[in-house]
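The values are calculated or read from the model by the stated rules, or taken from the named source; none is laboratory data. Owing to the predicted nature of the structure, the values given are computational and were not obtained by experimental measurement. Here the Cβ is made from the backbone with ideal geometry for all residues, glycine too, and neighbour counts use every protein chain on show.
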Amino acid sequence: MTGEIREIPVAPAGQRGSEPPAAEVLLDIRDLRTYFHVMDGTVRAVDGVSISLPRGGTLGLVGESACGKSVTALTMMRLLDIPPAEIASGEVWFDGQELVSLPDDEMRKIRGNDIAMVFQEPLTSLNPVLTIGEQISEQIRVHLGVSKKEAWERVIAALELVGIPSAAQRAKQYPHEMSGGMRQRVMIAMALSCEPKLLIADEPTTALDVTIQAQILELLKAVRDRTNSALLLITHDLGVVAETVDRVVVMYAGQIVEEGTTTDVLLRPTHPYTVGLLSSLPSGRTRGTRLSAIKGVVPSPFNLPPGCRFAPRCRFAWDDCRTDVPELVSSSTHGQRARCLLHLPGNEARREAAFGSPGGGGQAVTAEPGPVPATTAEHDHA
Ligand SMILES: Nc1ncnc2c1ncn2[C@@H]1O[C@H](COP(=O)(O)OP(=O)(O)OP(=O)(O)O)[C@@H](O)[C@H]1O
Ligand code: SF4
Ligand SMILES: [Mg+2]
């Protein structure tokens with residue numbers, strides 16, 4: 001993502017407005033398409049993405065660089081420049097409201113209040129001339145309308161919640177007086193200080209060293225358990241996903257290519273791209289590994305393959321894959337879905353050759369079970 005972040009204006013009236021989801025669904029993104037109109041043409045950064053998250057649920061959004069993870073989150077937060085961005089279609093239902101068509105002032109109330117976002121580099125998100133206490137306090141007062149005294153008490157409580165020692169003294173420090181790990185804790189404290197219903201964390205640990213990464217992840221999990229905020233975690237890192245979230249959505253070239261429980265997707269992948277991601281991990285280690293080792297390159301957004309977008313890199317591709325556009329279909333007997341022709345009737349033999357078991361959802365022949373940490377089993381609720 002480049003460029004200044006600004007608000008997206010309201011979508012034309014009457015374009016949206018189908019039925020809201022059931023009350024237990026906190027977030028329901030429906031067929032979202034976000035395009036960028038640039039000099040060389042149109043980048044379909046998000047191209048028909050649908051994601052659902054229950055209240056208090058946790059979901060990981062993974063995929064290689066430029067597959068549309070951040071643009072998905074920034075679109076739902078209405079934090080992109082329009083133009084060059086265009087929300088070509090789709091709806092984002094959050095807590096019973098459709099966000100794409102929401103007036104700006106109502107969207108502002110939701111942002112930072114009901115939905116909070118933590119970015120990769122906390123230093124750029126913090127104001128260098130205000131103490132961290134002043135920044136968190138200001139946010140609390142704007143969103144919760146409480147007195148100065150109560151806001152300050154909430155600041156201290158939020159800093160303590162994220163494990164910052166001597167919180168009262170730390171609150172009086174400036175961002176540059178803190179380490180990267182401490183600043184990320186401050187960002188999480190700030191995000192959680194208004195008790196959001198949804199926390200979006202976009203690569204929250206990428207800039208940190210491995211030990212601090214582990215601490216921040218533990219913190220995210222602990223705070224989530226205590227506050228019951230839902231968590232949408234955006235990452236390259238399958239180890240982080242295995243340890244932190246219940247469900248996973250895998251994106252490739254602007255589209256979802258696989259989704260399911262964390263255990264199913266990481267231990268029994270049903271899309272060749274997910275298989276490739278898992279195979280490319282060094283055995284026995286996942287965290288801190290960026291997803292860059294699959295053979296071939298992500299297609300240019302200006303020149304997408306006509307059939308399956310993964311076909312040029314797929315070791316199981318055959319002629320149909322270069323002409324037929326795959327839909328997201330059921331790919332296992334327990335709720336997994338994959339965008340791959342192997343899961344269509346008539347392709348059973350090829351599917352068995354690729355995934356090793358009839359019916360799909362079996363252990364992929366090329367995926368190493370080793371890299372996925374044992375903690376994954378904790379998330380199995382299939
Ligand atoms: N402001 C913009 N103008 C033009 N194209 C953009 C803009 N922002 C994003 N894109 C393009 O949209 C696509 C998706 O980008 P996005 O930032 O969502 O990727 P990502 O999956 O978050 O990648 P990373 O893992 O590197 O953060 C990319 O091709 C990117 O170049
Ligand atoms: S549709 Fe074909 S090319 Fe695409 S992922 Fe499936 S097997 Fe590979
Ligand atoms: Mg990103």
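What pairs come out if I take residues in region 62-81 that are under 20 Å from GLY239 (Cα atoms) and within 16 Å of ligand 2 (Cβ to nearest atom) and pair them with residues that are at pLDDT below 90 and not in a helix (DSSP H, G or I) whose C-beta lies under 6 Å away, six or more apart or interchain?
GLU64/LEU291; GLU64/VAL298
Taking the stated definitions as given, is SER65 more than 21 Å from LEU220 (Cα to Cα) and near ligand 1 (Cβ under 7 Å from one of its atoms)? Reasoning before the result, please.
Details: more than 21 Å from LEU220 (Cα to Cα): yes; near ligand 1 (Cβ under 7 Å from one of its atoms): yes.
Yes; evaluated as a whole, the condition is true for this residue.
Does ASP31 count as within 16 Å of ligand 2 (Cβ to nearest atom) and at pLDDT 90 or above?
Numbers: within 16 Å of ligand 2 (Cβ to nearest atom): no; at pLDDT 90 or above: yes.
Here the answer is no, as ASP31 does not meet what is asked.
Are any residues in region 54-76 away from ligand 3 (no atom under 13 Å from the Cβ), surrounded by 22 or more Cβ atoms within 10 Å (Cβ to Cβ) and more than 11 Å from the chain's Cα centre (by Cα), and if so, which ones? If you could, list the steps in order and put the result at the bottom.
As a first pass, look at region 54-76 and keep what is away from ligand 3 (no atom under 13 Å from the Cβ): 54-60, 76.
Now drop any that are not surrounded by 22 or more Cβ atoms within 10 Å (Cβ to Cβ), which leaves 58-60, 76.
Selection gives MET76 alone.
Name, by its number, the condition in (1) within 16 Å of ligand 1 (Cβ to nearest atom); (2) of a type in the set (A, V, I, L, M, F, W, C); (3) crowded, with 22+ Cβ neighbours inside 10 Å; (4) at pLDDT below 95 that does not hold for PHE36.
Answer for PHE36: the failing condition is (3).
Would you say SER147 is of a type outside the set (A, V, I, L, M, F, W, C), away from ligand 1 (no atom under 16 Å from the Cβ) and farther than 26 Å from ALA73 by Cα? If you could, list the steps in order and put the result at the bottom.
On the way: of a type outside the set (A, V, I, L, M, F, W, C): yes; away from ligand 1 (no atom under 16 Å from the Cβ): yes; farther than 26 Å from ALA73 by Cα: yes.
Against the criterion (of a type outside the set (A, V, I, L, M, F, W, C), away from ligand 1 (no atom under 16 Å from the Cβ) and farther than 26 Å from ALA73 by Cα), SER147 qualifies.
Picking from SER101, SER89, which residue would you name as being assigned to a strand (DSSP E or B) and surrounded by fewer than 22 Cβ atoms within 10 Å (Cβ to Cβ)? Break it down into steps so the answer makes sense when it comes.
Details: SER101 fails: assigned to a strand (DSSP E or B).
Answer to the selection: SER89.
Give me the residue from region 292-333 that is basic (Lys, Arg) and more than 17 Å from ASP47 (Cα to Cα) and, out of that set, modelled with the lowest pLDDT. Give the derivation first.
Here is the first cut: in region 292-333, the ones basic (Lys, Arg) are 295, 309, 313, 315, 322.
Checking which are more than 17 Å from ASP47 (Cα to Cα) leaves us with 295, 313, 315, 322.
On the way: LYS295: 80, ARG313: 93, ARG315: 91, ARG322: 96.
By that ranking, first place goes to LYS295.
Checking ILE256 against (1) under 29 Å from PRO312 (Cβ atoms); (2) at pLDDT below 85; (3) of a type outside the set (Phe, Trp, Tyr): exactly one of these is not met. Which one?
(2) is the only condition that ILE256 fails.
For every residue, the table says whether it meets (1) under 24 Å from ARG247 (Cβ atoms); (2) among the aromatic types (Phe, Trp, Tyr).
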position: LYS149; (1), (2): no, no
position: TRP152; (1), (2): no, yes
position: VAL155; (1), (2): no, no
position: LEU159; (1), (2): no, no
position: ARG170; (1), (2): no, no
position: HIS176; (1), (2): no, no
position: ALA191; (1), (2): yes, no
position: LEU217; (1), (2): yes, no
position: LEU233; (1), (2): yes, no
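Can you name the residue in region 206-249 that is away from ligand 1 (no atom under 13 Å from the Cβ) and of a type in the set (Ser, Thr, Tyr) and, of all such residues, is nearest to LEU159 (Cα to Cα)?
THR227
Only residues that are among the hydrophobic types (A, V, I, L, M, F, W, C), buried (at least 19 other Cβ atoms within 10 Å of the Cβ) and either closer than 19 Å to PRO196 by Cβ or under 29 Å from the mean Cα position of the chain (by Cα) (or both): list them for region 138-182, please.
Once the filter is applied, which keeps residues that are among the hydrophobic types (A, V, I, L, M, F, W, C), buried (at least 19 other Cβ atoms within 10 Å of the Cβ) and either closer than 19 Å to PRO196 by Cβ or under 29 Å from the mean Cα position of the chain (by Cα) (or both), region 138-182 yields ILE140, ALA151, VAL155, ALA158, LEU159, LEU161, VAL162, ILE164, MET178, MET182.
Can you list residue pairs whose Cβ atoms sit under 6 Å apart, with the first residue in region 305-319 being over 13 Å from LYS295 (Cα atoms) and the second being within 16 Å of ligand 3 (Cβ to nearest atom) and of a type in the set (Gly, Ala, Ser)? Count only pairs 6 or more apart in sequence or on different chains.
Every condition considered, the pairs that remain are ARG309/ALA253.
Does ILE51 satisfy the criteria of being within 16 Å of ligand 3 (Cβ to nearest atom), at negative phi and assigned to a strand (DSSP E or B)?
Numbers: within 16 Å of ligand 3 (Cβ to nearest atom): yes; at negative phi: yes; assigned to a strand (DSSP E or B): yes.
Yes; evaluated as a whole, the condition is true for this residue.
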